[in-house]
Amino acid sequence: RPRDAMSDVRVSGLTIYPVKSCAGIDVDAVTVTETGFMYDRAWMLVESRKPKARSEEEARVSSESAETDGATPPAPPPAPKKRRAKPRASVFVTQRTEPKLALVRVKLPSEVLSPSWDGILPPDAAMTITAPGMPQALEVPLAPLRPLPRCKVGVWEWEGAAGDEGSEASEWFTRYLGKTKSVIRLVRWLGDGAVPP
């Protein structure tokens with residue numbers, strides 16, 4: 001656009017969404033990174049199926065087959081080596097399938113949202129997450145206390161690695177969404193522009 005046309009543009013408000021598909025935070029100013037606003041969609045939720053437990057019948061058959069009448073059974077022929085399947089990416093979760101996510105509130109420390117923030121995180125800086133019916137808030141350190149385990153995640157056609165925020169966060173979101181046959185995990189973006197800087 002011509003420069004004079006752009007002079008009429010005014011920003012009426014700014015909102016960041018630290019956890020994709022959860023409630024946003026209105027801010028007065030934002031820091032822009034290579035991939036967008038800092039802390040905007042820096043985390044997301046992914047869903048993976050729980051491993052299938054062995055049935056009692058399968059366990060009984062396996063136990064019976066291991067028993068012999070005292071004679072040494074012939075050794076079975078070596079099984080052909082199977083190619084190890086690539087781990088499937090955990091699929092991202094949105095309000096399209098989980099409308100309750102709209103009620104999840106996210107809070108960041110006021111200092112990291114201040115236009116005058118110097119970029120240094122306090123040691124105890126954390127994102128606080130609350131939701132109706134959850135007795136306790138979930139606290140997620142902005143600076144991980146230790147390297148986060150990597151996991152494979154997918155967003156539409158994109159697949160890549162993310163940092164898994166751990167079992168406490170997973171149990172919190174799995175319980176909130178009432179999942180019994182799958183697990184919800186909170187993961188952090190690790191690419192360019194990831195936080196903390």
remark   = Amide H contacts under 5 Å for MET127, restricted to residues at least 5 apart in sequence or on another chain and with H modeled in the peptide plane, are VAL140, LEU142
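Roughly to the nearest percent, how much of the accessible area of the range 113-197 is carbon and sulfur, given a 1.4 Å probe? Intermediate results must be reported in sequence, preceding the final value.
On the way: 2660 of 4880 Å².
The nonpolar share, carbon plus sulfur, comes to 55 percent.
Just to confirm the filter: which trypsin sites (Lys or Arg not before Pro) across the range 130-197 are DSSP coil and have at most 13 other Cβ within 10 angstrom of their Cβ?
Numbers: sites: ARG150, LYS152, ARG175, LYS179, LYS181, ARG185, ARG188; in loops: LYS179, LYS181.
Hits after loop and neighbour filter: LYS181.
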Accessible solvent surface per residue of the range 138-186, calculated while the other protein chains remain in place, 1.4 angstrom probe, Å² = 58
ask   = Would you list CYS22, CYS151 from the most to the least accessible area, probe 1.4 Å?
value = CYS151, CYS22
query = Just the accessible area for THR15, please: 1.4 Å probe, Å², rounded to the nearest 10?
reply = 50
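Provide GLU165, GLU139 ordered by accessible surface of protein heavy atoms (probe 1.4 Å), highest first.
The ordering from most to least exposed comes out as GLU139, GLU165.
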ask   = Past the 21 Å Cα-Cα mark, which pairs from LYS152/LYS181; LYS107/LYS181; LYS107/LYS152; LYS100/LYS179?
value = LYS107/LYS181; LYS107/LYS152
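The values are calculated or read from the model by the stated rules, or taken from the named source; none is laboratory data. A quick note: this is a predicted structure, and the numbers were derived from the prediction, not measured. Positions of Cβ are generated from backbone atoms using ideal geometry, with glycine treated the same way; all protein chains shown enter the neighbour counts. Quick note on the areas: whole protein, heavy atoms, side chains included, nothing else; ligands and nucleic acids left out. Shrake-Rupley method; radii C 1.70, N 1.55, O 1.52, S 1.80 Å.
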